[in-house]
1. Name every residue in the stretch 110-141 that is among the aliphatic types (A, V, I, L, M), surrounded by 21 or more Cβ atoms within 10 Å (Cβ to Cβ) and more than 11 Å from the chain's Cα centre (by Cα), in order of residue number.
2. Go through (1) within 19 Å of ASP117 (Cα to Cα); (2) at pLDDT 95 or above for VAL49 and report which single condition fails.
3. From the list GLU220, GLU279, pick out the single residue that is in contact (Cβ under 8 Å) with a residue 40 or more places away in the chain and either more than 13 Å from the chain's Cα centre (by Cα) or closer than 22 Å to GLU131 by Cα (or both).
4. Taking the options ALA203, ALA265, name whichever one is of a type in the set (Gly, Ala, Ser) and surrounded by 19 or more Cβ atoms within 10 Å (Cβ to Cβ).
5. Name every residue in the stretch 225-275 that is closer than 19 Å to ASP169 by Cβ, part of a helix (DSSP H, G or I) and either assigned by TED's automatic domain parsing to the domain that holds MET85 or without any contact (Cβ under 8 Å) to a residue 60 or more places away in the chain (or both), in order of residue number.
Amino acid sequence: MKHISKILLISMLVLLISSLLGCTAALQQEGPYIISARSAIKLMDANNVVVVDAQNLDAFSKQQVEGAVNISRSDIVISEPVSNMLLGKEAFEQLMKANGISNESILVIYDNNDNMDAARLWWTLKAYGHENMKVVSGGIVALENEGVNIGSGNENITQTPTYSAEPLDESLIATTNDVLKQVNRPREDVKIVDTRSVDEYVAGTIPGSILVNYIGNNNEDGTFKSVQNIKLMYRDLDIREEDTVILFCKSSIRGAQTLLALYNAGYTNVKLYDGAWLEWTLDENRPIDAPEGVAPADAGG
């Protein structure tokens, strides 16, 4: 009897440990678009990979992954009708060619800015049909911690002869009219998410918005939270995978970081309000809500 009890006890312990290990492994899943620095370094050795540095030019000139090309925020935005709007298709195609990127290139993207600029570049690429790309969770700091070779100065780039972008994928973009429609006739399966800070939110937001500060998508070390933790965080706010989620901040750079975190976690009907708060407030007749107090949704950051 004692022998059987001992076997049962051991079996229960094995099951418990296996369960715990299973949970840990699940939390380490990267998702289809966000990968760890360690996985990124392995991928860099593959054929047809272009490492893309999304830092600003000054930061890139001081520190970069060896062999990376630089595509900064200023390269992928225009200022009409407001700052940081998506650049046009022809300009995008020229940018890709100039940086040695072909339609077949596998892109590994990193930044030094809380995953924001890498995410905005990812969204731009996806909007024009480039699918084969990964964002490095934690950016250049994470890569350096994993021992990647760091250099300085610009690299020589061989331009590609052609790059053909797809027509703009408008399913990734919300217009002012889309937002107005939700404000005027709210639907339960559509959520507007303000990814700015508490102070910005309280000073004025789009009516009906849920405050989820973008920085809450990151761990303390600057890496993205796991797929499971992102799902739990947004489900707790009643933002479900099947919902249509419209994201904005001041100029939809922070919003793009949240879009990537959600898309990577299985939220496929997510849209970036590209004009964002800057465009919304161009017309004084558009409604603005000034919430009293801080929304619980901001607790994550």
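The values are calculated or read from the model by the stated rules, or taken from the named source; none is laboratory data. Not measured: the values here are computed from a predicted model. Reconstructed Cβ throughout: ideal geometry from the backbone, glycine too, with neighbour counts over all protein chains shown.
1. Passing the criteria: LEU125, ALA127, ILE140.
2. (1)
3. Within the list GLU220, GLU279, the selection yields GLU279.
4. ALA265
5. Hit for the stretch 225-275 is LEU262, nothing else.
Yes/no matrix, rows are residues, columns are (1) buried (at least 24 other Cβ atoms within 10 Å of the Cβ); (2) modelled with pLDDT of 95 or more; (3) touching a Cys at 6+ places or on another chain (Cβ under 9 Å); (4) among the hydrophobic types (A, V, I, L, M, F, W, C):
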| site | (1), (2), (3), (4) |
| --- | --- |
| SER226 | no, yes, no, no |
| ASP236 | no, yes, no, no |
| ILE239 | no, yes, no, yes |
| ASN269 | no, yes, no, no |
| THR281 | no, yes, no, no |
| GLU292 | no, no, no, no |
